[in-house]
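I have a structure I would like to understand better, so I am pasting it below and will then ask my questions one at a time.
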Amino acid sequence: RQFADSAWENVELPIDCGQTLTRPVTVGVMVQALDPNREHTVLEIGSGSGYVSAVLARLARRVYSIDRYRTLVERAKLSLDQLGISRVELRHADGLLGWPEAAPFDRILLMGSAPELPAELARQLAPNGVAVMPVDRDGEQLIVRLELQPDGTLRETPVDKGRLAPLQPGAAREL
């Protein structure tokens, strides 16, 4: 509520646990590249405030969202409940391990960067599935769309330049 007057600006805003709310234009670019529809089950890595989860819930059949910070998961649940959004399940866990018991996922969205799609998440991607994520390469960050091919390889398409924080392994013990 402290930054309510900035809610419609295209800026990163601080949230709890030293994290930030991703710029709305970046969220839009990533969700558009993900191309979710009402038939899709989506895995989101990095729940943050629950904002992207709420957007995805409007577009997909079901959203599973993971964050390493318990405080963020609890606040996101509260926000989603207050908005009456029911197609989202949240979990406090290591997002890099995914949500194996809910897999496979038609779409996976990583709201933090990594050098490549973590192997455990790749295994949870459904046939013909799509993952969208920021990757760090050669000193810059790109948002890429990864499409699982019939032969098991991932076809990468660059989408845009990015500026998201790196994903951290493990669930935080505090916060």
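Residues to consider are Asp94, Asp35; find the one that is open to solvent by 70 Å² or more (accessible area, probe 1.4 Å), out of contact with any helix residue (DSSP H, G or I) (no Cβ under 6 Å at 6 or more places or on another chain) and either modelled with pLDDT of 95 or more or under 19 Å from Gly170 (Cα atoms) (or both).
Every option except Asp35 fails the conditions.
Mind checking which residues of region 126-140 are within 18 Å of Gln32 (Cα to Cα) and either open to solvent by less than 70 Å² (accessible area, probe 1.4 Å) or touching a Cys at 6+ places or on another chain (Cβ under 6 Å) (or both)?
Across region 126-140, the qualifying residues are Gly129, Val130, Ala131, Val132, Met133, Pro134, Val135.
Additional query: Under the condition of being among the charged types (D, E, K, R), touching a strand residue (DSSP E or B) at 6+ places or on another chain (Cβ under 7 Å) and modelled with pLDDT under 95, which residue from region 141-175 is most open to solvent (accessible area, probe 1.4 Å)?
Looking at the filtered set, the residue picked out is Arg163.
Of everything in region 97-115, what is among the acidic types (Asp, Glu) and surrounded by 15 or more Cβ atoms within 10 Å (Cβ to Cβ)? Give them in sequence order.
Asp106
Considering only region 90-104, I want to know if a residue exists there that is within 20 Å of Gln32 (Cβ to Cβ) and without any contact (Cβ under 8 Å) to a residue 40 or more places away in the chain.
Looking for residues that are within 20 Å of Gln32 (Cβ to Cβ) and without any contact (Cβ under 8 Å) to a residue 40 or more places away in the chain, one finds none in region 90-104, hence no.
Now for a different question. Examine region 72-83 for a residue that is closer than 17 Å to Gly170 by Cβ and open to solvent by less than 40 Å² (accessible area, probe 1.4 Å), and state whether such a residue exists.
yes
Those residues that are farther than 22 Å from Leu142 by Cβ and either open to solvent by less than 30 Å² (accessible area, probe 1.4 Å) or without any contact (Cβ under 8 Å) to a residue 12 or more places away in the chain (or both), I need them from region 116-125; list them, please.
Result: Gln124, single match.
Could you go through region 98-107 and let me know if any residue there is closer than 14 Å to Glu156 by Cβ and part of a strand (DSSP E or B).
no
Oh, and also: I'd like to verify a number: residues in region 131-171 that are more than 16 Å from Gly112 (Cβ to Cβ) and within 15 Å of the chain's Cα centre (by Cα), how many?
So the count comes out to 1.
The values are calculated or read from the model by the stated rules, or taken from the named source; none is laboratory data. Fair warning: this is a prediction, and the values are worked out from it, not measured in the lab. Cβ atoms come from the backbone with ideal geometry, glycine included; neighbour counts cover every protein chain shown. The area values use the complete protein model at the heavy-atom level, side chains included, leaving out ligands, DNA and RNA. Shrake-Rupley method; radii C 1.70, N 1.55, O 1.52, S 1.80 Å.
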